[in-house]
Structures are given as C-alpha cells and as structure tokens.
Amino acid sequence: MEQIGRAVWGRLGLGEADWTNLPDRKPISQVDLYQGDENDVIIVSLVRSNRGSRLGFLKDLSRRCVAQSRARRGMYILGNADCLAGCQEHQLWRRLIQSMTEVGCLGPRLALVCPRHRDATPAPRREVTDANEGFPTSLDFCDRLCDAFMDCGQHKCQKLCRSPRHSHKNCEVMVDFLYNGCSHPGQRKCNEDPADLLCQARVSVSCPKCQQSDTKPCHQPMSDYSCPQPCPKRLSCGHACPEKCGDPCPANPAKDCRTCIEAERLRKEALKRQDEEMQNLARREAKDEYERIKPDKEEEMSLIKLDPGSSEFLDIQDRVTKYVQMTHGWFPKVRSVERLRNVKLRMRFLSYRQNTAKDATRVELKFHGTSADGVKGITKEGFRLPQNPGMFGAGIYFASDASKSAQELYTQGSHTLLLCEVLLGRSLRVTEATNSKYNWKSLRQENYDSIFAPRDTKNSGGVLFDEFVVFNPDQAYPKYIIKYESVSGAAALNEISKLSMGQTQPKTGNTVVKIPASVVATKPETSPE
Ligand SMILES: [Zn+2]
Ligand SMILES: [Zn+2]
Ligand SMILES: [Zn+2]
Ligand SMILES: [Zn+2]
Ligand SMILES: [Zn+2]
Ligand SMILES: [Zn+2]
Ligand SMILES: [Zn+2]
C-alpha cells in the first residue's frame, strides 16, 4: 500500500517531503482497505488502461460498490472510459458509464475552483484536461488577494492567493498609535509592541551648561544629550575651550588648545630665528676680526703688559682672586697680566668660530694651568691634544676656578695661569667620566662643541668643580698670561676671611664676575647650560 500510495502521490506531482510529512492516516488508500470508511469527497482512481479492454480486478462488482459508496458529498472517478466500457464479457462498468453520460457527468476535463474565492464573480477557476499536464497542487491559478485575516484579527493578508504557502502571523500593516508617556503620535507595524519603540519626535531642551535652546529626540534621556554649541568654558590657559559644549573639555591645554599650540609654534619659530640671527652675528664678528688682522704678518706675536691701574687688569685680577675654592688652600696675588697677540693662533680661532663651530655664539674665558714650558709652547704654537686620554677623553681641559687650574699638578712651579677664550658652543653635560668615548668627531656627530662636567657631581663619578673639555686646539685662544705669587696655608685662609668680611666672597661656590664687553669681545659670561 505504501508503494501504491507513493506512486499515486507522485502522479499528483507531490514530492517525497510532502508524503513524509503526512499524518499517520494517509489520505490515499486501496479500495479493499477503505471498506467501512468514508469521506466528504472521494477521488477514485481506476488505474487500469489498455487497448484490449482487459479489466483485471475491476471485474469485481463488489469492489466497485465499495468504491462508489465511500463519499458523503461528492465523488470523482478517474479512468479510461473507452477501456472500461469496451469489455464485452463484463458489463458492470459499461452501464455505469452510460448512465453518467446521460446525466452529463462524464467528460475529459476536471474543473477546479479556488476554495477561498468560490463565491467571487467570476470565481477563479481552472480546468485540467490533459492527465500529463499534472494535477495542480496549489492555487496557482488564483490572482485575487489572499484576503485571509492576519492573526491580529484586524487586517487581511495582502499577498496574492496564488502565493506559495505563507504565514498569517506578524502583520506588517502600518497603524497609527500614541507613544506611552509622552503621547506623541507615531506609526508602527501592526505586530510591533509600542513599548519597544522609541519616540523620535523632536522636543525642545535648554542646555544645562550653556542655557542655549535646542531640540533632541523625545526618547533620549537628558543625560545622553550632547549640546552642539561651542563650549562656553575657558581652559586653564585662559583661552576659549575649542570643543563642543556637550563634549568634555580637554585636560591639557598645551596639547589641545589650538591657540596655545599656535602660540608655542610661533614662540619656537621666533627662538629659532633669534638663534639664527645670533649665530650669524657671532660668525660675522669673527669674520670681521679675521679680515682686520689678515694683512698682518702671520708670525707676528707680541705680549702687551697691562697697566695694573687699568680696568682690564683689575677685572682679570678679580677673576683670579674670586674664582678660588677654599678646598684648594690657595690664594694668589696677581703680579702681572700680559695680553697675547698671536696673529696665526688668532686667525685659526676666528676661522674655527666662523666656519666650524656648531654654536658660534658661546665663547667664554676659562683658566688653564700649565708648566713654564707649556706656557711658552701654547702662546707660540697654540694648544696640543694630549697623547693619553684624561677623565673625559684626549682633549684640552679648562676650569672656571683659578684655584683649580693653579694646582701644582698642572703648573709645576710656573706660577702662571692662562686665561683663554674658549669656544664652548653647545656643551654636552656629563656627570661621570667618559674616558675615550668622545673625540672631536664623535662629539660633533652628536651636535656638540664641548664637554661640560658640572661641579658637585663627584658622588656620581663626576667632578667637584666645573670642568670644560674641547677636542680641537683651534677652539681655544690663550688671551692672557697671568703671573702670580701663591699664598698658602694659614696666610691663604687669612686672605679669604678678609674677603668674606668684605662680603665679596661667598663661603662656598663661585662668584660670577661680570667681564665688560671691552675685555671679552663676545657675549657676557653666562652660567654653563
Ligand atoms: Zn494570506
Ligand atoms: Zn494587523
Ligand atoms: Zn483564491
Ligand atoms: Zn514622544
Ligand atoms: Zn550647551
Ligand atoms: Zn569645553
Ligand atoms: Zn590656550
């Protein structure tokens, strides 16, 4: 039976899935098994069809009786009338076919009407005439609207009746409604829950921060409202906040205040311009002096003894006697000061300053202590780089303190100090020994002209008193040769205490002595960077 059922099912054009989904009691049955059963409408398929009118099991009248008596309201018999009526031996079908013909119930076509619209005029209908055409399994011939009520019970389905099987849940007809709470009118799909919808009506607000009036969506809580007006506040720098009123004010004006950023940019530009001008000025000064002495003989060298009453002498004397550290237990009396004029060395120094220095503006007077031979050699041929590196490399060392340079270790009884113009330029500050790390080339690669070891860095491996190192002999010009008498021990302390009482000498540290521009042809003494 299962096989026959499937075969008939297939002839109706229905698929395997539809068969499997049928309830247990299949709507298709063999006639013998249907005895005692009934239904409103019965379609009987007679199955047999051949040219010889061989009826087979259709010969059995009792079977025919069962088949034609199962319907309560209506019945269709599908079969080959010629084959059935043509049998000479058995007349049971011929008579039935004759009487059906007489009442007009026999024909080659089956009329189908849309059950949903059978009362419409005209009723959507279709006639099936050719068995090979297949039996329509859906209402694919009905062009009317489905018109079934959606499950809301208020709206009818808007799809076509012929549409494939479809749901009548989730009605999407647009309906008017009022939002809960605010009572603003709105539109929603019939199936949407008003409680799930956000009222988009614009409502007036007054910004709590700037008091400006504005609008916002009705549903938006005030805590989510973001005012689009310019922020009325001032940043800590005093400039107007650049953000919108509704956004947080920037915490860091230096980073976020456009006015401050622009001002900082201009300030840096101005500084850069100013520095460039200073550099140009310094280089031009060096050039002018260079041009002035160029006509002189290169080997020309002379020492000009300063008048002890002249301000130049007194300034240098001050510098020697005031740049004294008690630690060194040394106090000098200046006996003579000579100003060196060495055209060759001066031209080298000026040329370096004009063409080579990274920073040409910074030339300072610094002390250098050396032996009598050293004084002779330096004033004649200039400085020489040492063979062995010192604490900060194989350079030429200078001090701010006269007492430091005057140590016997350096002067070896010469009782002479050199006060030199040193092109310090950009100083690399170091607080511990750098040994051989730097030479002229490597220091310049880091964009420096000199090394500066500041005072009071002994603990970290540095020095007690300021020290400066340059790595090119042309960076220093031995300008003054100072001869002194050393006073040491108790006599020195006596001298220092005399000065202290005169309030000209602080108990520790250096006193910076202002050297007039006439003495130092460069910018005034400044603290090292
Ligand atoms: Zn529908
Ligand atoms: Zn609806
Ligand atoms: Zn219909
Ligand atoms: Zn609303
Ligand atoms: Zn605002
Ligand atoms: Zn702000
Ligand atoms: Zn600002």
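The values are calculated or read from the model by the stated rules, or taken from the named source; none is laboratory data. Model, not experiment: these values are computed from the prediction. Neighbour counts run over all protein chains shown; Cβ positions are idealised from the backbone, glycine included. For accessibility, only protein heavy atoms count, side chains too; no ligands or nucleic acids. Shrake-Rupley method; radii C 1.70, N 1.55, O 1.52, S 1.80 Å.
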Residues in region 175-195 that are outside any loop (DSSP other than H, G, I, E, B) and either surrounded by 10 or more Cβ atoms within 10 Å (Cβ to Cβ) or away from ligand 2 (no atom under 13 Å from the Cβ) (or both) total 10
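Here is a yes/no grid of residues against (1) of a type in the set (S, T, N, Q); (2) in contact (Cβ under 8 Å) with a residue 12 or more places away in the chain; (3) surrounded by fewer than 17 Cβ atoms within 10 Å (Cβ to Cβ); (4) within 17 Å of GLU298 (Cα to Cα):
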site: ASN342; (1), (2), (3), (4): yes, yes, no, yes
site: SER351; (1), (2), (3), (4): yes, yes, yes, yes
site: GLN354; (1), (2), (3), (4): yes, yes, no, no
site: THR361; (1), (2), (3), (4): yes, yes, no, no
Just to be sure I understand the filter: pairs with C-beta atoms under 6 Å, separated by 6 or more residues or on different chains, first member in region 296-323 and over 18 Å from TYR484 (Cα atoms), second member open to solvent by 60 Å² or more (accessible area, probe 1.4 Å). Which pairs pass? SER302/ARG341
Return yes when GLN158 is assigned to a strand (DSSP E or B) and polar (S, T, N, Q) and no when it is not. no
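Each row is one residue, and each column tells you yes or no for (1) away from ligand 4 (no atom under 16 Å from the Cβ); (2) more than 27 Å from the chain's Cα centre (by Cα).
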| site | (1), (2) |
| --- | --- |
| CYS210 | yes, yes |
| HIS219 | no, yes |
| ALA240 | yes, no |
| ASN252 | yes, no |
Take the residues in region 169-182 that are in contact with a strand residue (DSSP E or B) (Cβ under 7 Å, 6 or more places away or on another chain) and not β-branched (Val, Ile, Thr), then tell me which one is farthest from PHE149 (Cα to Cα). TYR179
Sole exception among (1) open to solvent by less than 80 Å² (accessible area, probe 1.4 Å); (2) outside any loop (DSSP other than H, G, I, E, B); (3) modelled with pLDDT under 95; (4) out of contact with any helix residue (DSSP H, G or I) (no Cβ under 7 Å at 6 or more places or on another chain) for GLN279, by number: (3)
Verdict on LYS437 being touching a residue at least 40 places away in the same chain (Cβ under 8 Å), farther than 15 Å from THR370 by Cβ and open to solvent by 20 Å² or more (accessible area, probe 1.4 Å): yes
So which of ARG144, ARG116, ARG202 is in contact with a Cys (Cβ under 9 Å, 6 or more places away or on another chain), touching a residue at least 40 places away in the same chain (Cβ under 8 Å) and open to solvent by 80 Å² or more (accessible area, probe 1.4 Å)? ARG116
Quick check: anything in region 229-239 surrounded by 11 or more Cβ atoms within 10 Å (Cβ to Cβ) and either among the β-branched types (Val, Ile, Thr) or in a helix (DSSP H, G or I) (or both)? no
Restricting attention to region 207-221, report how many residues are under 22 Å from CYS241 (Cβ atoms) and out of contact with any strand residue (DSSP E or B) (no Cβ under 7 Å at 6 or more places or on another chain). 5
Considering region 445-476 alone, what residues qualify as being farther than 19 Å from THR431 by Cα and buried (at least 24 other Cβ atoms within 10 Å of the Cβ)? GLN475, ALA476
Quick check on my filter: what residues within region 240-276 are away from ligand 5 (no atom under 16 Å from the Cβ), within 30 Å of SER206 (Cβ to Cβ) and loosely packed, with under 14 Cβ neighbours inside 10 Å? ALA251, ARG258
Given the residues ASP307, ASP318, which is the only one that is assigned to a loop (DSSP other than H, G, I, E, B) and open to solvent by 30 Å² or more (accessible area, probe 1.4 Å)? ASP307
Unmet criterion (only one of (1) modelled with pLDDT under 95; (2) under 60 Å from the mean Cα position of the chain (by Cα); (3) surrounded by 17 or more Cβ atoms within 10 Å (Cβ to Cβ)) for MET326: (3)
Can you tell me which of (1) within 16 Å of ligand 3 (Cβ to nearest atom); (2) under 60 Å from the mean Cα position of the chain (by Cα) is the one PRO115 doesn't meet? (2)
Check on LYS333, more than 15 Å from SER486 (Cβ to Cβ) and surrounded by fewer than 21 Cβ atoms within 10 Å (Cβ to Cβ): no
